[in-house]
Amino acid sequence: MARQFGRRRFLMYGSAALGTSVLLKACANGETTSTSESPAATDAGTQVAASPAASGDAIKVGVLHSLSGTMAISEKSVVDSTLLAIEEINNAGGVLGKQIQPIVEDGASDWPTFAEKARKLIEEDQVVVVFGCWTSASRKAVLPVFEEKNHMLFYPVQYEGQECSKNIFYTGAAPNQQIEPSVDWLLENKGTDFYLVGSDYVFPRTANTIIKAQLEAKNGTTVGEDYLPLGNTEVAPIIAKIRSALPNGGVIYNTLNGDSNVAFFKQLKGAGLGPDRYPVMSVSIAEEEVKAIGTDFLEGQYAAWNYFMTVDSPANTKFVDAFRAKYGNERVTNDPMEAGYISVNIWKQAVEQAGSEGTPTDLEAVRQAAYGQTFEAPGGTVTMNTNHHLSKTVRIGEVRDDGLFEIVYATDGPVDPVPWNQFVAETQGFTCDWTKTDEANPGKFKA
Amino acid sequence: MLPSILDGIFNGLSIGSILLLAALGLAIVFGLMGVINMAHGELMMLGAYTTFVVQNVFRPLGEPFSQFYIFAALIMAFIVAALVGLILERGVIRHLYGRPLETLLATWGVSLILQQFVRSVNWVMIAGLVVFCGLFFGGLALLRRRADFEGRRRWFILVLLPLSVAIAFGIGSLLSNAYGLTVTQPWFGAQNVDVTAPRWLQGGLPIGNYQLPYTRMFIMLLTVLCVAGIYFFLNKTPWGLRIRSVTQNRSMSACLGIPTQKVDALTFALGSGLAGIAGCAVSLLGSVGPNTGQNYIVNTFMVVVVGGVGKLVGTIIGALVIGLIDYVIGAGILAFAFSSIQPLADFFTFFATTSMAKVMVFFLIVLFLQFRPAGLFPQKGRTVDA
């Protein structure tokens with residue numbers, strides 16, 4: 001036996017291992033070109049490579065989203081719109097005469113991975129800014145990294161508020177630009193009994209705290225709430241509870257994220273809870289998700305956002321046309337994608353006004369220059385406030401049979417963001433203003 | 001009141017039947033063979049993806065046929081998962097019988113490989129794999145005819161392996177350069193894909209104020225059929241007899257002329273095929289993604305351990321009991337039942353959300369195993385030779 005483990009065997013296994021590793025590497029290469037570089041990404045990549053970027057005369061920016069895992073269904077499209085904005089800017093001559101070079105990283109729907117990849121983008125790739133994250137859990141995971149490095153993140157998704165970091169620009173909606181108006185609208189049009197359903201992590205829990213406080217203040221009732229572990233699909237107990245809590249119908253407020261939505265709407269329909277008696281208001285379902293879940297299951301349900309693909313404006317027509325020209329005619333646009341698009345443009349304007357690229361030395365100049373930037377966004381004019389949030393128009397849409405939204409309500413103009421919630425006792429009266437250098441903590445103080 | 005009790009029982013049983021369907025294959029493999037198959041969830045996932053593929057194949061056939069794709073999907077899911085299980089058994093697990101910890105590690109690795117496989121599988125990869133297998137194993141088979149094969153086996157492998165890897169890789173890169181995206185585009189990708197239930201399975205049967213979803217009823221029926229089929233197979237057929245005898249005493253069975261290796265392969269393929277059917281069933285409830293299996297693997301092990309390893313009846317009772325308890329706690333029925341005793345009611349209200357119910361169920365199972373470590377129906381007498 002002993003002789004068998006001699007040189008020959010060593011040689012044999014060594015060569016086998018070598019051969020296998022070559023094969024695996026080939027597969028891995030094939031994979032990166034196919035997943036992280038969708039047709040679009042490949043275009044952008046080659047374009048950048050052909051430009052001065054390759055010679056080092058480019059501005060590197062990070063794009064950090066889940067390209068795999070339970071959140072990929074939503075996040076991948078934000079990468080697409082972010083890359084579209086970067087390509088448009090590059091085609092128009094770039095920023096400060098330099099091309100933008102995006103570095104796309106996969107957070108894999110795993111919060112520690114997000115933190116790891118954020119650190120990698122900042123330390124190894126030396127990017128000047130990062131665009132990314134979707135779930136609040138991933139944002140909370142990268143937040144310490146950005147604060148420690150004093151770096152800059154543009155976060156493109158509506159969220160639960162109750163946060164106001166100096167290192168994050170929030171280009172999605174704050175609660176008072178999505179959740180609060182939608183609750184008001186429901187109270188006025190759909191009923192006063194609410195059942196709250198959410199995924200079990202920070203966004204739904206905080207959002208539901210806000211909704212409960214708001215309902216209490218406005219004579220609505222919370223008849224029940226339930227949480228599902230992220231990615232879980234067993235919703236039968238929830239549906240039974242909804243039915244026993246709301247025997248004659250009522251409002252379901254849905255803060256589920258990711259794939260759980262598919263199971264929820266499929267089984268809701270199977271149990272016979274239709275939108276006529278049980279209207280569902282969702283805050284994490286947009287055009288992309290409707291398409292993935294199936295219009296059959298969603299027709300007649302509601303969603304609250306700042307942007308819908310059906311917004312009628314020249315800026316939106318241009319955005320949708322450009323997006324479809326790049327990614328194909330069957331693609332749809334949605335709110336976080338629009339916010340991702342806005343993020344890049346606001347950042348570009350700030351960099352140009354500051355006259356410098358930003359990090360690591362002069363992040364401060366870009367940050368100051370960002371305040372007051374306005375942009376003619378597809379969803380209407382947006383303005384960056386000194387609390388790092390955007391003023392945006394609020395809209396509510398009803399799912400049509402083609403999977404797009406009929407806009408049933410819109411505010412007259414942009415609504416100013418309030419990151420610290422005014423219904424919840426512990427944040428009542430607090431405000432945020434990062435230009436108030438005289439305040440001890442400009443991120444949270446009583447006005 | 002009556003409809004609400006009916007509804008409760010129905011929902012509890014339906015959760016239990018999904019658990020049972022998922023755990024049935026595992027119970028056979030784990031219980032009868034002593035193999036801890038961590039890739040069981042991924043075999044379910046393959047079944048779910050098979051359903052997705054079959055659905056898309058049937059779609060162009062038009063109305064009457066496309067509504068019945070689910071039956072073809074069930075058969076295909078069984079076949080695909082059973083074949084993968086067979087390859088797994090022949091390639092990996094047969095070297096590890098009697099070493100449960102090693103089977104755990106090896107199959108866990110296989111589960112990761114399968115997950116990544118469905119994310120990145122594309123035509124180039126398939127072509128490369130086929131070419132590689134054809135050249136390497138085909139070459140070995142040809143060379144085996146030579147008289148001096150055994151003596152020079154290592155040298156043949158040494159030459160053949162890098163050669164076929166290089167050729168497969170070359171063909172792959174040639175293909176991807178020539179055809180670009182059409183061959184390098186992943187079939188499924190990392191995103192979840194969606195299976196739509198046939199129209200006759202959407203909606204539900206109204207009973208009073210309630211509606212029993214047809215998909216759930218379908219899954220319960222499927223579970224009953226599978227359990228009956230397995231029972232019949234194990235107890236009434238010659239191969240079932242062989243499986244049971246190998247389970248009880250492998251060496252004695254071998255002495256009596258039972259082909260134990262064939263029995264092992266068959267049992268594993270059967271368990272895997274059942275996982276495929278379970279995957280097909282759960283695709284009707286949610287969406288299908290690379291992680292689909294992971295949502296079920298812990299629950300299925302729970303069922304098998306609670307039921308008592310090696311006993312089919314234990315698995316059945318275990319699944320239904322866990323399903324019922326899960327539902328009763330999660331839906332707040334206990335909180336309602338104890339509403340007269342305030343502290344108890346508060347206690348159960350606290351656990352009456354779906355995610356907290358899981359905590360409670362885990363706690364109850366740990367407690368249960370303190371008193372009956374071998375599960376509900378422990379194996380009596382001679383144990384499995386693992």
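The values are calculated or read from the model by the stated rules, or taken from the named source; none is laboratory data. Predicted, not measured: the structure shown is a model, and the values here were computed from it. Cβ coordinates were reconstructed from backbone atoms using ideal geometry, including for glycine residues, and neighbour counts include every protein chain displayed. Accessible surface is based on the protein model in full, side chains and every heavy atom, while ligands, DNA and RNA are left aside. Shrake-Rupley method; radii C 1.70, N 1.55, O 1.52, S 1.80 Å.
With a 1.4 Å probe and all protein chains kept in place, how do B:Met44, B:Met125 rank by accessible area, largest first?
Result of the area sort, largest leading: B:Met125, B:Met44.
With only alpha-carbon pairs counted, each pair once and no self-pairs, how large is the Kirkwood hydrodynamic radius of the stretch B:1-155 in angstroms?
19.1 Å
Taking H as built 1.01 Å from N, whose amide H comes closer than 5 Å to the amide H of A:Phe423, not counting residues under 5 places away?
Result for A:Phe423 returns nothing.
Sort B:263-275, A:282-294 for me by packing, meaning the mean count of neighbouring Cβ atoms within 10 Å per residue, highest on top.
Per-residue mean Cβ counts within 10 Å order the peptides as B:263-275, A:282-294.
Can you give the FRET efficiency for B:Val359 and A:Lys446, using 1/(1 + (r/R0)^6), R0 = 45 Å, r = Cβ-Cβ distance, to the nearest 0.05?
Using R0 = 45 Å, I get an efficiency of 0.70.
With a ≥ b ≥ c the root eigenvalues of the C-alpha gyration tensor of the stretch B:183-253, is it rounded (a/c under 1.5), prolate (a/b larger than b/c) or oblate?
oblate
How much FRET efficiency would the formula 1/(1 + (r/R0)^6) give for A:Asp276 and B:Ile341, where r is the Cβ-Cβ distance and R0 is 51 Å, rounded to 0.05?
The computed FRET efficiency comes out at 0.85.
Which residue, B:Val321, B:Val29, B:Val57, tops the fluctuation ranking in a GNM of chain B built on C-alpha contacts under 10 Å?
Result: B:Val57 has the largest fluctuation of those listed.
Counting Lys and Arg as +1 and Asp and Glu as -1, what is the net charge of the other residues whose Cβ lies under 12 Å from the Cβ of A:Lys241?
Around A:Lys241, the charge tally is -2.
Could you work out the local net charge near B:Gly16, counting Lys and Arg as +1, Asp and Glu as -1, over the other residues with Cβ closer than 13 Å to its Cβ?
After counting each charged neighbour, the total is -1.
Read phi for every residue in the stretch A:366-372 and hand back ³J(HN,Hα) as whole Hz from Karplus 6.51 cos²θ - 1.76 cosθ + 1.60, θ = phi - 60°, with x for Gly and Pro.
These are the phi-based 3J(HN,Hα) values: 5, 4, 4, 5, 5, 4, x Hz.
Helix-only mean residue ellipticity at 222 nm, chain A, DSSP H runs n ≥ 4 weighted -39,500 (n - 2.57), per residue, nearest 500. What is it?
When only DSSP H runs of four or more count, the value is -13500 deg cm²/dmol.
What accessible area, summed over both chains, is buried at the A-B interface (1.4 Å probe, Å², nearest 100)?
Between A and B, the summed buried area is about 4200 Å².
Grab the DSSP H runs of chain B that are 4 residues or longer, score each as -39,500 (n - 2.57), total them, divide by all residues and round the 222 nm result to the nearest 500 deg cm²/dmol.
-24000 deg cm²/dmol
For A:Ser282, list long-range residues whose amide hydrogen, built 1.01 Å from N in the peptide plane, is under 5 Å from its own amide hydrogen.
It is A:Asn254, A:Tyr302, A:Ala303, A:Ala304, by chain and number.
Over chain A, what relative contact order in percent results from Cα pairs under 8 Å that are six or more residues apart?
Computed over chain A, the figure is 16 percent.
Could you derive backbone 3J(HN,Hα) for the stretch A:292-300 from the dihedral phi with the Karplus parameters 6.51, -1.76 and 1.60 (θ = phi - 60°), listing whole Hz in sequence and x where the residue is Gly or Pro?
With coefficients 6.51, -1.76 and 1.60, one gets 6, 6, x, 4, 3, 7, 10, 4, x Hz.
From the square roots a ≥ b ≥ c of the eigenvalues of the alpha-carbon gyration tensor of chain A, which class results: rounded (a/c under 1.5), prolate (a/b over b/c), or oblate?
Oblate, since a/c reaches 1.5 and b/c is not below a/b.
Report the label-to-label distance for A:Lys218 and B:Leu221 in nanometres (one decimal), using points 7 Å from each Cα along the Cα→Cβ vector.
For the pair A:Lys218/B:Leu221, the computed spacing is 4.6 nm.
On average, how much accessible surface per residue is there in chain B, in Å², for a 1.4 Å probe, leaving out ligands, DNA and RNA?
Ligands and nucleic acids excluded, the result is 47 Å² per residue.
Set the Förster radius R0 to 35 Å, insert the Cβ-Cβ distance between B:Ala374 and A:Glu148 as r into 1/(1 + (r/R0)^6), and round the FRET efficiency to 0.05.
0.10
Using the alpha-carbon atoms, what tilt in degrees (0 to 90, nearest 10) does helix A:202-217 show relative to the longest principal axis of chain A?
The answer is roughly 10 degrees.
Modelling each spin label as a point 7 Å along the Cα-to-Cβ direction, I'd like the B:Leu241/B:Ala147 distance in nm, to one decimal.
4.6 nm
Between B:Ser66 and B:Glu102, how many nm apart are label points set 7 Å from Cα along the C-beta direction?
Here the answer is 5.1 nm between the modelled labels.
What's the average, rounded to a whole number, of partner chain beta-carbon atoms within 10 Å of each residue's beta-carbon in B:327-333?
Neighbouring Cβ atoms belonging to other protein chains average 5 per residue here.
Looking only at other chains, what is the average number of their beta-carbon atoms within 10 angstrom of each beta-carbon in B:196-209?
Counting other chains' Cβ atoms within 10 Å and averaging over B:196-209 gives 2.
Using alpha carbons only, how many degrees (0 to 90, rounded to 10) separate the axis of helix B:123-143 from the longest principal axis of chain B?
50 degrees
Just to confirm the filter: which trypsin sites (Lys or Arg not before Pro) across the stretch B:137-237 are DSSP coil and have at most 11 other Cβ within 10 angstrom of their Cβ?
Answer in residue order: B:Arg144, B:Arg145, B:Arg146.
Please say if the stretch B:122-185 is rounded, prolate or oblate, where rounded means a/c under 1.5 for a ≥ b ≥ c the square roots of the C-alpha gyration tensor eigenvalues, and otherwise the choice is prolate for a/b larger than b/c and oblate otherwise?
Judged from the Cα gyration tensor, the stretch B:122-185 comes out prolate (a/c at least 1.5, a/b above b/c).
Helix A:136-148 versus the longest principal axis of chain A: what angle, 0 to 90°, nearest 10, using Cα atoms?
So the helix axis and the longest Cα principal axis differ by about 60 degrees.
Rg(Cα) of the protein assembly as shown divided by 2.2 N^0.38 Å?
Against the compact-globule rule of thumb, the ratio is 1.02.
Can you put B:Phe65, B:Phe58 in order of accessible area, largest first, using a 1.4 Å probe?
B:Phe65, B:Phe58
Quick one: Karplus J couplings for the stretch A:247-256, per residue in order, coefficients 6.51, -1.76, 1.60, θ = phi - 60°, nearest Hz, x for Gly and Pro?
Coupling constants for the stretch A:247-256: x, 10, x, x, 8, 9, 9, 10, 10, 5 Hz.
Might you report the magnitude of the Cβ-based charge dipole of the stretch A:372-411 about its Cα centre, with Lys and Arg at +1 and Asp and Glu at -1, to the nearest 20 debye?
For the stretch A:372-411, the charge dipole is close to 240 debye.
How large is the dipole of the protein assembly as shown about the Cα centre if only Lys and Arg carry +1 and Asp and Glu carry -1, each at its Cβ, rounded to the nearest 20 debye?
For the protein assembly as shown, the charge dipole is close to 4680 debye.
Mind listing the long-range amide H neighbours of A:Gln101? Cut-off is under 5 Å, sequence gap 5 or more, other chains count too, H placed in the peptide plane at 1.01 Å from N.
The answer is A:Ile59, A:Lys60, A:Val61.
Given the Cα-Cα distance of B:Arg94 and B:Trp155 and 0.36 nm per residue of separation, how much length would full extension add, in nm?
19.4 nm
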